[in-house]
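The block underneath contains the structure these notes are about, expressed in structure tokens.
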Amino acid sequence: MPPVKLFQFRHSPFCEKARLLLSAKAVPYAVQEVTPGVGQVDLFRRSGQRQVPVLQDGDVLAVGSVAIARHLDSKVPEPPLLPVDPQARARALLWENWADTTLAHGARMALLQAVSQDNHLRKALLPQATPTPLRDLLGALPGEMVSGVSQLLTRAGFQQLGHALEQLTTLVANGQPLLDAQHCVADVAVAAQLYGLKFPTAAGAELAGRGVPGIADHPLFEPLFAWRDRIYGAMGRGDLTPAPSSDPDNPASTPGDHG
Ligand SMILES: N[C@@H](CCC(=O)N[C@@H](CS)C(=O)NCC(=O)O)C(=O)O
């Protein structure tokens, strides 16, 4: 059993970011799936807050994806997630911040809206512990009964997300990392937030290739998702294997072997 444990929601982009960071450093880890609600009470007891991801590495607890990147750089210095050069580091941190806030918000809203209109997505994204009858029931409900989110992302908000993705597509069209010659936390943070816009292979067969209509299937964004997929490859997550996950009732059951 690896000594490093990731507390996660399977399909959270921030947890995907943490898994990509762990893979970039080739650190073996186990995952503990946190049950939304009740599982977050235990997480609060451990970490003083209720959000995932949280990484436990022996006595060290890294709370949130930014702290996880810092911890992994101190544990395994090469390759650095944060560039050593101060200016490159500043650029990487600004990119990470943009991805974790503006991009994360737009992508989350767009996915929520897509989920409210797509039974298949809704069922596939439910926590693993959801009993099959409840999964079937929730999948069958009309979108507006499951969430009142259909008005959350305005047309302007969707357009703003589209414009940002267009700029990103232009920036990465040559397939290069966002900064300098080496992939760093900037690339990982951006790639992770694209997770629900078009699910990567690593999300599993039920989700791979699906996502937000108008984005996942728009030819304009193909180079962006191809770039994202290359990052997964570079981080050792380009294969068909979904991230390891454990039974929430028996968290020690599945050692993570990604890295
Ligand atoms: N700033 C945090 C954000 C983490 C975050 O937003 N986690 C979400 C899942 S994507 C969460 O735990 N939401 C549950 C809640 O807020 O209760 C990071 O970088 O890790």
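The values are calculated or read from the model by the stated rules, or taken from the named source; none is laboratory data. Since we're looking at a predicted model, the values are computed, not measured. FYI the Cβ positions are ideal-geometry reconstructions off the backbone, even for glycines, and counts take in every protein chain you see. In case anyone asks, the SASA skips ligands and DNA or RNA and just uses the protein heavy atoms, side chains included. Shrake-Rupley method; radii C 1.70, N 1.55, O 1.52, S 1.80 Å.
What number comes out for accessible area per residue over region 86-234 if the probe is 1.4 Å? Units Å², please.
Accessible surface, normalised per residue, equals 49 Å².
I need the calculated FRET efficiency for the pair Leu171 and Asn119, taking r as the beta carbon distance and R₀ as 35 Å, to the nearest 0.05.
Efficiency at R0 = 35 Å is approximately 0.50.
Roughly to the nearest percent, how much of the accessible area of region 86-234 is carbon and sulfur, given a 1.4 Å probe?
56 percent
For Asp57, what charge total do you get from the other residues with a beta carbon under 14 Å from its beta carbon, if Lys and Arg give +1 and Asp and Glu give -1?
For residues surrounding Asp57, the net value is +3.
Modelled label-to-label distance, Gln182 and Asp136, 7 Å Cα→beta-carbon offset: nm?
5.3 nm
Summing +1 for each Lys or Arg and -1 for each Asp or Glu, what net charge is found among the other residues whose Cβ lies under 11 Å from the Cβ of Leu20?
Once positives and negatives cancel, what remains is +3.
Just the number, please: percent antiparallel of the DSSP beta bridges in region 1-128, rounded to the nearest 5.
65 percent
Which of the trypsin sites (Lys or Arg not before Pro) found in region 31-111 are loop residues per DSSP with 16 or fewer other Cβ atoms within 10 Å of their Cβ?
Sparse-neighbourhood loop trypsin sites (Lys or Arg not before Pro): Arg50.
Which of the lysines could a cross-linker span from Lys198 if the Cα-Cα distance has to be under 18 Å and same-chain partners fewer than 8 positions apart are dropped?
Lys17, Lys123
Magnitude of the Cβ-charge dipole of region 86-234, K/R +1 and D/E -1, about the Cα centre, nearest 20 debye?
Using Cβ point charges on Lys, Arg, Asp and Glu, region 86-234 gives about 140 debye.
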